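Written out below as structure tokens is the structure these notes cover.
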Amino acid sequence: MLATNQPVHQLGRLLTQGASTPPALHQWCTRFFWAWLVVRTVAWFCLATATLANPPLDLIEWLSWGHSIQWGYPKHPPLPAWLAAGFARLSPGDVWGVYLLAYLTAAACIWSAWRLALEYLPPPQALLAALCLEGSLYLTNDPSEWSNNVALDLGWACIVLFGYHAVRSGSTRWWAAVGLATGLTLLCKYTVGILLLPLAAYLVFDPVARRNLRRPGPYVAAVLAAVVFAPHLAWLVQNDFITLTYASDRAVDTRWYRRVWNPMQFVVSQSYHVLPMLVILFIGMGKRVSRETPDDVSRVRYLHAAVFGPVAILFALSITTGCLLREIWGSPLWTFLGVWVLVNFSGQSSTLTPQRIIRRVLVVALVMMVVAVLKVELRPYIDKVPSRQQYPGKLLTAEVNRRWSEQFDRPFPIVAGEAWAAGNICCFSAHRPVLYSSGAMGYLVFEAKATPWTNDDDLNTRGGVVVWDADQLGDDLPAVLRQRLPRAVGQPPVVFPYHTVAKMPPARTGVAFVPPKQP
């Protein structure tokens, strides 16, 4: 309790005392930033833990995969699943450990913005450039839905920050950090490539940055990234590039009008994230600052490449190939938007007092928290269906484990069936069973291609639980499964209400047990 309260007390002192001289102002801004970062991380973590009765869809999927350590999964590279499984060990039978991971990741992204901003801006503007991220859903509400996109945010931010220091210093150590960050980020999501392309172009075409090509640093980075990524690449080859097939099947719409309409939709979707940030940034904006030296010009070009290079590539891909831009693809794009805006359009620093920054950020941060709660609570009234965060996953898991333990002397090792219900049981079972499904939410499909760590023979030998949507398929074991699982024994359906005061029919889950074979 004392450790938790200390940043809050420090934040309160900083809000009231202020600073006047430049050294004192720098120290004040630094202390305030760290106090704010701790408080906001704890606040969002507690909000997610207290208000989300059930984890969101992506968290369930990634954590379920993480129970079986692989070098890749049917849809995506492996690192986010590994991280989810690792942090879930902090909370056996619960998922708050993954929420902690998510908001530590968001905090690290904000720290990256702060560190890069200090390279360009005076402390008050740097503080504003970092804290404007309180206006982005991507780093406030969205991290609770842990996924490869949340992990990508941090890897992306680290590449930009480390890349700046590598280019400026030429240090091989910084370039090694770039390579390590790149390799690890490729293990999260391949779309980091749309960041690497403009940064590589900057390195080649900017006269100041190009000097690094005569040093070993960039080549060390490339080799290190390749070494980190190589095991996953080998897995891709062995599995017929299954993740790339999944991505290509979802990513393209060749109809000509979609090539215009989809980018417009993407712009609208990103405005929900960017406009609240601009509301905060507005108090620090003013007349454009001129850049006189080649060094200054080069540094600003780096920001152009890092912030808007990926955006330009996304639009070019969409228009030329029909690649569908999804809202979540904007998640890593705006971490350094505040830095770019204030570097290019900052006003007089003397008019930007810490108190003005605090008032604006605090109002927006509170609004974002209210929005996060209402987004879940109002869903049943607006869409006439409960949200996944209101699903009775814990209750379902407890009941299935209770029934199994009454019949068998060991925990079930496998949960098969419809991905959502089966995934919940995987995540909330303290003994960490593995998932046998297809990833198709709402469908009773499970296949070894989607979950290569298990199969029908394994399930029939070691035993396990099979679940399905009883409202769709009835209470009895579906006939399609009887041939595959001849020893399966149907159980009474599990029925629990959703966690909402809205009038909704309960969740009805069909259950069958496959007894383990006796040795």
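The values are calculated or read from the model by the stated rules, or taken from the named source; none is laboratory data. The shown structure was predicted, so the numbers you read here are calculated from the model rather than taken from an experiment. Don't worry about glycine lacking a Cβ; one is built from the backbone with ideal geometry, like all the others, and counts go over all protein chains shown.
Points to keep in mind about this one:
- Across segment 249-261, not a single residue is classified as in contact with a Phe, Trp or Tyr (Cβ under 6 Å, 6 or more places away or on another chain), in a helix (DSSP H, G or I) and over 23 Å from A129 (Cβ atoms).
- Segment 140-161, residues that are farther than 15 Å from P80 by Cβ and buried (at least 24 other Cβ atoms within 10 Å of the Cβ): T140, A157, I159, V160, L161
- The condition (being among the β-branched types (V, I, T) and over 22 Å from N424 (Cβ atoms)) is satisfied by just one residue among V95, V160, V150: V160.
- For segment 29-77, taking the residues that are among the aliphatic types (A, V, I, L, M) and part of a loop (DSSP other than H, G, I, E, B), the one that is surrounded by the most Cβ atoms within 10 Å (Cβ to Cβ) is identified as L52.
- Selection of helices (runs of 4 or more DSSP H) fully inside segment 391-495 by the criterion of at least 2 residues being modelled with pLDDT of 95 or more and buried (at least 17 other Cβ atoms within 10 Å of the Cβ) returns 393-407, 419-428, 456-462.
- Residues satisfying the stated conditions in segment 324-339, i.e. touching a Gly at 6+ places or on another chain (Cβ under 9 Å) and in a loop (DSSP other than H, G, I, E, B): P332
- On inspection, I319 qualifies as assigned by TED's automatic domain parsing to the domain that holds H304, over 30 Å from E134 (Cα atoms) and either of a type outside the set (D, E) or in a helix (DSSP H, G or I) (or both).
- Segment 111-139, residues that are closer than 17 Å to A151 by Cα, hydrophobic (A, V, I, L, M, F, W, C) and either surrounded by fewer than 24 Cβ atoms within 10 Å (Cβ to Cβ) or within 14 Å of the chain's Cα centre (by Cα) (or both): W111, L137, L139
- Whichever residue in segment 87-117 is without any contact (Cβ under 8 Å) to a residue 40 or more places away in the chain and assigned to a helix (DSSP H, G or I) and, among such residues, is nearest to T140 (Cα to Cα): G97
- Screening A19 with (1) modelled with pLDDT of 95 or more; (2) part of a loop (DSSP other than H, G, I, E, B) gives one miss only, at (1).
- Residue within segment 221-238 that is touching a Ser or Thr at 6+ places or on another chain (Cβ under 6 Å) and touching a residue at least 24 places away in the same chain (Cβ under 8 Å) present: yes
- Cβ-Cβ distances below 9 Å connect the following pairs, each with a first residue in segment 322-345 that is assigned by TED's automatic domain parsing to the domain that holds W146 and on the phi > 0 side of the Ramachandran plot, a second residue that is in a helix (DSSP H, G or I) and at pLDDT below 95, and a separation of six or more residues or different chains: G322/A251; G322/R258; G322/R259; G322/N262.
- Considered as a group, the residues in segment 315-339 that are crowded, with 19+ Cβ neighbours inside 10 Å and under 19 Å from A200 (Cα atoms) include one that is farthest from the chain's Cα centre (by Cα), and that residue is F336.
- The set of residues in segment 238-268 that are surrounded by 15 or more Cβ atoms within 10 Å (Cβ to Cβ) and within 30 Å of S346 (Cβ to Cβ) comprises P263, F266.
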